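Inspection log for the structure reproduced underneath, given as structure tokens.
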Amino acid sequence: MLDWLFSVEALGAFLTCFATLMIFSFLYRDNPFYKFAEHVFVGVSTGYGIVLMWFQILRPNLLDRLVPPVDAVRQQLFRAGELAPEAYATAPISMGQRLAHGQFIYYVFLTLGVLMLFKISRKFHWLSRWPLAYVIGAFAGIQIIQAAQGALVPQLEATMKDFSGRETLATWMADSCRALPAAELPTRRAEQAGWIADWMKALGADSVQALRAGEAWQTEQEGRLNDVAGLSSLEEPGADLPAAFKRMRQEQARVVARDADFEALLCAAAGGRPLDSLRLDGDAAAWGTAPWQDALLLAATTVWLESPATRQALGQRFAPGLGLPTPIAAEALAYPEGHVSLVQLLKAEAFPQSAKLDWSLPGTRKLADSLLSDVNARPERLAEWKPAQLEDLLKRLKTAGITGSAAALDARLRVFETLPEPGRTQARGEFLAFWKEGVTRELRDLRQTWLLHTIALHTAPDPLSSFSREELKAFGQDPAAWASTHGALDTNGARPAVSVAKVRTGMAVEILSNLLVLVGVCAGIFYFFFSKKHTGALGVVSKVGIAFLMMSFGASFGYTVMGRISLAIGRFQDLLAWPWMAGTALIVLVVALAVESRRARQS
Amino acid sequence: MKKEIPLLIAFLLGTWMILENFLSGFSWVGPMKESITNGGIVIMAFTYVLGIYSIVSVNVARIRRGQDVVPKVALLAALALMVALGFWRGHEEGTPFNWLYLNLYVPLQATMFSLLAFYIASAAFRAFRARSLEATLLLVCAILVMVGRIPVGEKLWSAFPQVSDWIMNIPNLAGKRAIMIGAALGAISTGLRVILGLERSYLGGE
Amino acid sequence: MTPVLAHLSLGGLSLSAGQITVFLSVVLMVLLLAYFYQRIRKDPGSLFIRRIAGIDAIEEAVGRCTEMGRPILYVPGIEDMQDIQTIASMLILGKVAETAARYKTEIFVPCRIPFVMSVAEEMVRQGFYNAGVPEDHKPGNMSFISDEQFAYTAGVNGIMLRERPAANLLLGRFFAESLILSETGFEAKAIQVAGTAEVTQLPFFIAACDYTLIGEELFAASAYLSRDPKLLSNLKATDWYKMICIGLMLLGSLLVTLDSIGWWEGASLFRDFFRIQ
Amino acid sequence: MKALLLRALGRFLALDRRWIFLLMALCIVTPLILPIGLPFTPDPAVRNLHRAIEDLPEGSVVLVSCDYDPGSKPELQPFTEALFRHLFRRKLKVVVSCLWAGAPPLVNQAIAQALEAEDIRPLGLKDKVDYVNLGYKDGRQLVMLGMGENIHSTFPKSNDGTPVSQIPLMQRMRKLGDSQLFVNVSGGSPGTKEWVETAQGRFGLRMVAACTAVMAPDNIPYYEAGQLLGLAGGMKGSADYEQLVGLPGSATRGMAAQSFGHLLIIAFIALGNVAFFMTRGRKR
């Protein structure tokens, strides 16, 4: 304790506390301690700035360019072929050589910098205008582009909204599907599929949008069903797993049946076009971006591609992403189910050892998941796997972090059944733990709300089973509190619009919001009109404009308060980190203040 | 000459900095831009010499006159100490310079900043009055946003966060966008005025 | 709704649709400035500029300082010269200094950035020169305080309390110090005019200052104060530009909607011309 | 009676502001000493930020520009700490640069802390191979432009003085556009606004940002316009992110104090207005 008290660390802690309190003392009243701290602050900060200015700006940006460091000169000489590789580390570099390698233009900048100092001179201070003009001119140019490119044009674009509501439909729909409680799925499925189809058709959303919305919908539902089954089966360590898996299989059968509907739905949504009629050439430019690649990968793995040309193009497209040679990828797609053939390829002797799947790509993860589901659906295929290949696959899955899907879990567990006994139980246990961890992670993830929902719904009548309770705790939620609020969530709009009428309302809100933003922006701009009197119609519009401006100032104010209070919290957290130190500093300061004010009163 | 050359410099550099954005396809544009920007950095660094000159002369004059001697001496001493430590032992982690930074500069700055929480409380009580419809709108929005951003708000009414999000996403967005567009236009025209030499007062008199 | 971006290629020159628009947006401003500059030079009477209360208040404030025989405090924000708001503030400072010089009123400009201090000094020098009293210019009144934000704020507060300026002009880009400065000025009973395009600080200025210039008004102020028709033509030009912007937003929304409901396929391509990427 | 009330209100309005300060201090300190857990739901914009990182393939290079200083430490340091933990855990390569002089020590502190965490230590991450701190560079937008062209010449040396040419990680990172994600932790200017306007569009960056609460409303238009893929504002944003990453830290702990602080300010606004209008009404 004593050692610590006289350590540098303790001194630092005391200094921190004392400096903090000296500044805070200003809140009581202006006093010499505050004044002292304030002046020390100005000195320290200016000194700090000067030191950094030298080390971070003048030295690297000026000195090192005029007189390059030895290493840099060696590199240049080496590149020019004037330095042999073996002499690289030892060759002497003279000052003359270094100067010769300096960049001439920096002498100009040095001169301009020095000219700036003529400011102090009475006679030659006009010379300082040259560097002044340099900086102001250059920055005015940069600022013009910045204003046009960073603010004006993008903000104009962002205000050009679609007022039919169709453009936002796809994302909006996927979002609302996400919030549907799993228990209602079986009964609501038909209804939901119905309105998706209706709206997609009626609004002519194109195939890619349909695909994206559909994908979100599909995975959400699927994952939810599977996870529900998986969760309840894992409640007790000694649970009857085969029975649990049977239940899961039943759920999956439903999902598969729905998938068939869904594909038909997508085709319908695409206006009867088969999916492979996507304009491949036209879209090629856009494929470089991740969402596109993903969407196409998904298309390839979930939908049968009829045209050979499309398969070829797609194969070429995502071969690099998958780390596969192009012909193999194209070949894989030639089969009705691309992912199944990929499994075959992985197993084939012909598959090059060097070719590796990049399991971390989102699309590939999805691929791996479906691959496992496939194995799951046809257990007999497991026999085709060699133990080494299985292990490799498992390792890859582990690194890819494929979690959450009970189908995958099932498959993994089945895979373990094929292992010889000594390692089987352990590996199985390991994987269960791994999967639990995965679910925990996902709980913290985007889908936490509905997962929490699911847990609560499916563990009734006992509101929260031991497993879900653990999960909730891991997420930092109080299980009891959560159980009481999830009901509230249900009645407060977390539930999606499931009728066409409700969708209509949702769309109307969306359109109205867009309209409000457009009106607000235009009115706000009108407020800034200078060459017209603000009377009549313009007066009204500019009044509306100022109302919008004021509301945004209010929002800013709210956030500013939040920020300032955070800072005060931070200071008190620091003080409370060393309560004794802070206490001592406080007492010292209070006594000193009292003494000071007494002396001030006496004099 | 005293004004024409600077005006020419500003015109050429300003025009170039606009045009270079659209010429990035040419390989020589990048290095040239880099040199120009580095030059700007170097020139601005030099003005710090003027700054130090200003700060030292002002404070020394005060000390001579006997005003606030203790704090002013402390200021200059702290400045000298930081500079000496920085050049003597460097500024990396573990150096005395860094230690002073962490244990003196950091808490002083953070505390100065946090005084604002208290000022806001007093301003909230004293200055924020719903004098007009506009001011009322400002206050109502501010309160809704404040309530919506805290856990207690979520507890009081679960829709508070949504209300606050709505304010942020609709009226706030529209207001901000209007200001952004207006300010961007102002910035472009002001910048052009400087580059084209319509505004030349920054070059000083005579 | 596949994005088919227009593209311009010419030798080494390669521009996306958005970049072309950015280029055109600057060209448009140049053209508008030039057109109104010409027109107003020929016919100065064709120009009307509405009264902007906040900017008028700046002149009133200077007048009040003269009456009371107390100095003006001009705070140019805490940003470096790179920021256009600082440039705008400097231009206003030139006009304010000119008026102040005419009335023989002292003006203090504390700066956070040495470079800004240098420019401020030139601006004030020019102002005094224009007013015909270059000998009254005191370079020492433009001072560097500290480049640390709150050290600077503390220094400016000191000036407000010690020198007792009758008017505080806070024009430029401000951050957290806005409230401290305007509160202190309020306590010191100075008339305060603030102006910034920094939206987060506007509520504090609005609450604690007598007048506040919002956003673009800050940029308009120097032209407005100059009363120079050639500079005022700028405001006319930006007003027209604003009309064009509003028109573009409405047109864009219309075209996107038409495309979306299938009346005019491909119309939303228009919007792609405003996409930078 | 009326006169009495009026006088009381008048005196209330002239309340010594030190009482207000004291109340504020109590509102903040009490929940810190007696912690109260208040559950909250992460903001969608923060979730999108989290998602943007989660979706990156392993081994991607993430450029983090830490542009803040101790002044906004309580708001942003929890974010930075959680961010490094998250990035390292996801096995991403991290390059850090700073446009604020005060940032490098804070960054080093956060990196060191992340490396010591029990889930990170076994990964055996190496400086300059898995992460590198390039340190501070003055010049603001000019630095951004420079980095867009060539990081190696803008940052010739890393924070500890190693020439960039000798840093293995930097061989994959020659210009801004080489990063798969750009994270800006911003405490003011230059910060998110400047990065978006100067660099995001021009160099085609996938960008997310964490900023102080004060800046959040300014940055929302960028988020809405898709220029930012995710946005975490203020201590609440940091707390949300801590939740999503599963590392409740000082931001999460501060949320109760934040709640009471807000409520107090709201109360002050309300009381101030009520008293003001009552006294004004009577005077007429």
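The values are calculated or read from the model by the stated rules, or taken from the named source; none is laboratory data. Source: prediction; values computed, not measured. Cβ sites come from the backbone with ideal geometry, for glycine too, and all protein chains shown count toward neighbours. Surface areas here come from the heavy atoms of the whole protein model, side chains and all, with no ligands, DNA or RNA. Shrake-Rupley method; radii C 1.70, N 1.55, O 1.52, S 1.80 Å.
Return yes or no: is A:Ser531 modelled with pLDDT under 90 and part of a helix (DSSP H, G or I)? It is false that A:Ser531 is modelled with pLDDT under 90 and part of a helix (DSSP H, G or I). The condition of being in contact with a helix residue (DSSP H, G or I) (Cβ under 8 Å, 6 or more places away or on another chain), farther than 30 Å from B:Leu76 by Cα and open to solvent by less than 10 Å² (accessible area, probe 1.4 Å) holds for only one of B:Val29, B:Val42, that being B:Val29. Picking from residues in segment B:9-30 that are within 18 Å of B:Val194 (Cβ to Cβ) and more than 8 Å from chain A (Cβ to nearest Cβ), the one that is modelled with the lowest pLDDT is B:Glu20. Being within 10 Å of chain B (Cβ to nearest Cβ) and not aliphatic (A, V, I, L, M) is a property that C:Pro134 has.
Touching a residue at least 60 places away in the same chain (Cβ under 8 Å), closer than 21 Å to A:Phe548 by Cα, of a type in the set (S, T, N, Q) and surrounded by 23 or more Cβ atoms within 10 Å (Cβ to Cβ): does that describe C:Thr200? Judged against the criteria, C:Thr200 is not a match. Filtered by the rule that a residue be under 20 Å from B:Leu102 (Cα atoms) and charged (D, E, K, R), segment A:556-603 gives A:Arg571, A:Asp574.
Across segment A:569-603, the qualifying residues are those that are open to solvent by 70 Å² or more (accessible area, probe 1.4 Å) and among the basic types (Lys, Arg), and the one among them that is modelled with the lowest pLDDT is A:Arg601.
Could you check, for segment B:193-205, whether at least one of its residues is open to solvent by 40 Å² or more (accessible area, probe 1.4 Å), more than 23 Å from the chain's Cα centre (by Cα) and at the interface with chain A (Cβ under 8 Å from one of its Cβ atoms)? The answer is no; no qualifying residue exists. Taking the listed residues B:Ser164, B:Ser158, the one that is of a type in the set (S, T, N, Q), under 26 Å from D:Ile220 (Cα atoms) and more than 7 Å from every other protein chain (Cβ to nearest Cβ) is B:Ser164, with no other qualifying. Looking across segment C:237-250, the residues that are facing another protein chain (nearest Cβ under 8 Å) and over 16 Å from C:Val26 (Cα atoms) come down to C:Ile246, C:Met249, C:Leu250.
Only one of A:Val44, A:Val73, A:Val114 is more than 14 Å from chain B (Cβ to nearest Cβ), modelled with pLDDT of 80 or more and surrounded by 14 or more Cβ atoms within 10 Å (Cβ to Cβ). Can you tell me which? Unique residue meeting the criteria: A:Val73. Whenever a residue of segment C:102-121 is surrounded by fewer than 23 Cβ atoms within 10 Å (Cβ to Cβ), its partners that are acidic (Asp, Glu), lying with C-beta atoms within less than 8 angstrom and at least six residues away or across chains, give the pairs C:Lys104/C:Asp136; C:Phe108/C:Glu163. Residues in segment B:59-83 that are open to solvent by less than 60 Å² (accessible area, probe 1.4 Å) and out of contact with any helix residue (DSSP H, G or I) (no Cβ under 8 Å at 6 or more places or on another chain): 2 in all. Under the condition of being open to solvent by 10 Å² or more (accessible area, probe 1.4 Å) and within 30 Å of B:Ala183 (Cα to Cα), the residues counted in segment A:117-137 number 2. Taking segment C:149-171 as the range and being open to solvent by less than 10 Å² (accessible area, probe 1.4 Å) and facing chain B (nearest Cβ under 10 Å) as the test, the residues that pass are C:Phe150, C:Ala151, C:Thr153. Does B:Phe113 qualify as being assigned to a helix (DSSP H, G or I), of a type in the set (Phe, Trp, Tyr) and within 7 Å of another protein chain (Cβ to nearest Cβ)? Yes.
Can you tell me which residue within segment B:129-147, out of those that are more than 8 Å from chain A (Cβ to nearest Cβ) and of a type outside the set (Lys, Arg), is surrounded by the fewest Cβ atoms within 10 Å (Cβ to Cβ)? Top of the filtered list is B:Ser132. For B:Ile179, state whether it is free of Cβ contacts under 8 Å to residues at least 60 places away in the same chain, at the interface with another protein chain (Cβ under 7 Å from one of its Cβ atoms) and in contact with a strand residue (DSSP E or B) (Cβ under 8 Å, 6 or more places away or on another chain). Yes: the conditions hold for B:Ile179. With the condition kept exactly as written, say whether any residue in segment D:170-181 is under 25 Å from A:Gln146 (Cα atoms), more than 10 Å from chain A (Cβ to nearest Cβ) and among the small types (Gly, Ala, Ser). Checked against the condition, which is being under 25 Å from A:Gln146 (Cα atoms), more than 10 Å from chain A (Cβ to nearest Cβ) and among the small types (Gly, Ala, Ser), segment D:170-181 yields at least one hit. Only one of the listed residues (A:Ser566, A:Ser556, A:Ser552) is within 8 Å of chain D (Cβ to nearest Cβ), surrounded by 24 or more Cβ atoms within 10 Å (Cβ to Cβ) and within 30 Å of A:Glu9 (Cα to Cα). That residue is A:Ser566. Taking segment D:38-85 as the range and being surrounded by fewer than 21 Cβ atoms within 10 Å (Cβ to Cβ) and more than 10 Å from every other protein chain (Cβ to nearest Cβ) as the test, the residues that pass are D:Ala52, D:Val61.
Every condition in (1) of a type in the set (Gly, Ala, Ser); (2) within 12 Å of chain B (Cβ to nearest Cβ); (3) touching a residue at least 24 places away in the same chain (Cβ under 8 Å); (4) crowded, with 20+ Cβ neighbours inside 10 Å is met by C:Ala194 except one, and the failing one is (2). Does D:Leu32 count as touching a helix residue (DSSP H, G or I) at 6+ places or on another chain (Cβ under 8 Å), open to solvent by 10 Å² or more (accessible area, probe 1.4 Å) and not in a helix (DSSP H, G or I)? So D:Leu32 does not fit the description; no. The listed residues are D:Val129, D:Val164, and the only one of them that is among the β-branched types (Val, Ile, Thr) and open to solvent by 50 Å² or more (accessible area, probe 1.4 Å) turns out to be D:Val129. Restricting the search to segment D:214-230, which residues are at pLDDT 85 or above and open to solvent by 10 Å² or more (accessible area, probe 1.4 Å)? Correct list: D:Leu229 only.
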